[in-house]
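Worksheet: one structure, shown below.
The values are calculated or read from the model by the stated rules, or taken from the named source; none is laboratory data. As the structure is a prediction and not an experimental result, all values here were calculated from the model. So basically every Cβ, Gly included, is an ideal-geometry build from the backbone, and we count neighbours across all protein chains shown. Accessible surface areas use protein heavy atoms only, side chains included; no ligands, DNA or RNA. Shrake-Rupley method; radii C 1.70, N 1.55, O 1.52, S 1.80 Å.
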Amino acid sequence: MLKDNLLEVENNIKKSCEKSGRDINEVCLIAVSKTKPNDMLMEVYNCNIREFGENYVQEMVDKVDSLPKDINWHMIGHLQRNKVKYVVGRACMIHSVDSVRLAEAINTEAEKKDIVQDILVEVNVAEEENKFGFKLEEVEDFVKQISKLKNIRVRGLMTSAPYVLNPEKNRTYFRQLKQLCVDINRKNIDNINMDVLSMGMTNDYCVAVEEGATHIRVGTAIFGARDYSNRQ
Ligand SMILES: *Cc1c(COP(=O)(O)O)cnc(C)c1O
């Protein structure tokens, strides 16, 4: 059953790529598995998915420790500095970096573990009050401030667009994020060369792919609706 959901998502990605003249290999599908049990993740794993996204640190740690080692885990949820130590090294990429202090904490932990941690800068493109992330015009300054940190690598930008009934309404936000990425690369900031755009969720991933997403984060369309009633 999850296999059918996955096939539908993959087919939609293919169509969006055809529509916009993109190569399907440029788009990485991250299966967002928060709140979902391991057997459901394994069902998707057995359909050849190796990229999974999680929001909550403890849940991610439990899953990393009990599921196959060839899974690439993406931390996509808001991250507190006191939990950085559990995520650095476990996550292939931290999508939700939204402050200098968090970037510094990740850098310090990565240095301790002698690794370079890939990160994305979270951008609140629509300037929604209930969301984390920088405003578009703050991003360049932020990137400059963290560009000298040796144990993180800024791979690109991430956004969660507003929840809308008509995904076309988010096209402008995806386009703005892509443009910001191009603009920042043109500035030739030392150590900064961004090639990742993490944008698009169940509701709007087709539009995001058309606008240049390299990573889409899809939960509900693969795993079904989430039930939060068991969370403390
Ligand atoms: C939960 C979540 C997703 C997946 O959302 P769906 O609408 O279920 O596809 C993607 N990105 C982030 C940051 C999330 O928290």
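Obtain the nm distance between the two label points defined at Lys113 and Lys135 by a simple spin-label model: each point lies 7 Å from its Cα along the Cα-to-C-beta direction.
Simple spin-label model gives 3.4 nm for this pair.
Going by amide H atoms built from the backbone, whose H comes under 5 Å of the H on Asn72, apart from near neighbours?
Excluding prolines and chain starts, which carry no amide H, the hits are Glu51, Phe52.
If you roll a 1.4 Å probe over the heavy atoms of the protein chains, what accessible area per residue do you get for the chain, in Å²?
Heavy-atom accessible area per residue stands at 50 Å².
Carbon and sulfur together cover what percent of the accessible area of the chain at a 1.4 Å probe radius?
46 percent
Please compute the Kirkwood hydrodynamic radius of the chain from all pairs of different C-alpha atoms, in Å with one decimal.
Working: mean 1/r = 0.0557 Å⁻¹.
Result for the chain, one decimal place: 18.0 Å.
Hey, could you get me the Stokes-Einstein D for the range 186-232, Kirkwood radius over alpha-carbon pairs, 37 °C and 0.692 mPa s, rounded to whole µm² s⁻¹?
Calculated translational D: 252 µm²/s.
Go through Lys14/Lys148; Lys3/Lys63; Lys3/Lys178 and tell me which ones have a Cα-Cα distance over 27 Å in this structure.
Lys14/Lys148; Lys3/Lys178
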